[in-house]
Amino acid sequence: MNKVTLLGIDLAKNVFQLLGLNSSGQVVFKKRISSREKLINFIAGFPVCTIAMEACGGSNYFARKFLSFGHEIKLIHPAFVKPYVKTNKNDSNDVEGICEAASRPTMRFVTPKTIEQQDIQSLHRIRSGFIEERTALTNKIRGLLMEYGITIAKGIRHIRKLLPDFLEDAENELSHVAREFLNDLYQQLIKKDENITKYDKLLQNILHENEDCKKIEKIEGVGLLTATAVIASIGDAKEFKNGRHLAAFFGLVSRQQSSGNKQKMLGISKRGNSYTRTLLIHGARSAILASSKKNDPKSKWIQALVERAGQNKAAVALANKNAIIIYALIANQTQYQKAG
């Protein structure tokens, strides 16, 4: 075991396949472990080495555990492992592909998330889930009312305002049963609103406590949701070579389809976390609207960009610029200076 320099682990719920390579890349160790507790105990006593795993469900937990034992961790996106898996898919071939991918000098790795980053990401996912459920609920209410001859305009605010009046109006065609289930749906809607407000407050508390969040929240087009989502998704900003690489991580750079001397640039790549990228772009749209009322150099640049490229391209360009600024603030530990 003391010859192992790279240990690949194929993660699963309860069964784990291990493969160890020496400094020459030769296989010197194979093992199959049948429980999570046994795996942690085994790695705790294993000689310090580099451990490679796919960035999948549970990988951040194991990465934090193994880091505490002194090991170096390399998490690899599953899409980068797949090309190295030979023939049929099984645990042995998968872990061999993980080791092969981790051995490549140009391979890109995923930074393990801290507990705080995991918490922030979980809050965002739960909040986003409540919003999707609320949207589905409002559509259900609007559809049911239409069957009783009542129409409500699109927009949740109309349902909040008008539904109680419809329930109290004795002149419409709503039956006793209909009033009962519509009232239940309305109470569910109120509960969804309360849940979303609760998670907004939790994210607000994190914003006040996290210095990096407070720094980037000052950027035009970056608010509470964007600032916390960015911090949760990027891991350690210093792992990126520069701001351009961080923008590429968010999928905000051009996608290429070039060959030979023919350079063909397409739309943005849309790689990475679509939720965070959407927040950055929507935030940029808000900054574009606000820039029309300002006269500072950045606002003038934004307005000139809108005139030259249009609203949509300008929003993506500003989101790209904001990603580069975010990198500079976090990696260099500097404060954002708003344009005067």
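The values are calculated or read from the model by the stated rules, or taken from the named source; none is laboratory data. All values derive from a computational prediction rather than experimental measurement. In this analysis, Cβ positions are derived from the backbone assuming ideal geometry, glycine residues included, and neighbour counts consider all displayed protein chains.
Of everything in region 284-293 that is surrounded by 14 or more Cβ atoms within 10 Å (Cβ to Cβ) and among the small types (Gly, Ala, Ser), the residue that is modelled with the lowest pLDDT is Ser291.
Looking at this structure, is Leu144 in the same structural domain as Ser291 (by TED's automatic domain parsing), surrounded by fewer than 16 Cβ atoms within 10 Å (Cβ to Cβ) and either acidic (Asp, Glu) or out of contact with any Lys or Arg (no Cβ under 7 Å at 6 or more places or on another chain) (or both)? No: the conditions fail for Leu144. Taken over region 235-253, the criterion of being surrounded by fewer than 14 Cβ atoms within 10 Å (Cβ to Cβ) and either within 18 Å of Arg125 (Cβ to Cβ) or out of contact with any helix residue (DSSP H, G or I) (no Cβ under 8 Å at 6 or more places or on another chain) (or both) is satisfied by Asp236, Lys241. Are any of the residues in region 210-228 outside any helix (DSSP H, G or I), closer than 20 Å to Pro112 by Cα and out of contact with any Cys (no Cβ under 8 Å at 6 or more places or on another chain)? The answer is yes, given that some residue of region 210-228 is outside any helix (DSSP H, G or I), closer than 20 Å to Pro112 by Cα and out of contact with any Cys (no Cβ under 8 Å at 6 or more places or on another chain).
Condition first: basic (Lys, Arg), under 27 Å from the mean Cα position of the chain (by Cα) and surrounded by fewer than 19 Cβ atoms within 10 Å (Cβ to Cβ). Now tell me which residues in region 294-337 satisfy that. Listed by number, the list holds a single entry, Lys313.
Close Cβ contacts (under 6 Å, 6 or more residues apart or on different chains) running from residues in region 34-49 that are touching a residue at least 40 places away in the same chain (Cβ under 8 Å) to residues that are not in a loop (DSSP other than H, G, I, E, B) comprise Cys49/Leu7.
Annotation note: Cβ proximity below 8 Å between a residue of region 254-276 that is at negative phi and in the same structural domain as Ala229 (by TED's automatic domain parsing) and a residue that is assigned to a strand (DSSP E or B) and basic (Lys, Arg) (sequence gap 6+ or interchain) occurs for Met265/Arg255; Leu266/Arg255; Gly267/Arg255; Ile268/Arg255; Ser269/Arg255.
Confirm whether Lys192 is in contact (Cβ under 8 Å) with a residue 60 or more places away in the chain, not β-branched (Val, Ile, Thr) and not in a loop (DSSP other than H, G, I, E, B). Talk me through it step by step, then tell me what you get.
Numbers: in contact (Cβ under 8 Å) with a residue 60 or more places away in the chain: yes; not β-branched (Val, Ile, Thr): yes; not in a loop (DSSP other than H, G, I, E, B): yes.
Yes.
Screening Ala170, Ala232, Ala178 for residues that are assigned by TED's automatic domain parsing to the domain that holds Ala287 and either crowded, with 19+ Cβ neighbours inside 10 Å or more than 36 Å from the chain's Cα centre (by Cα) (or both) leaves exactly one candidate, Ala232.
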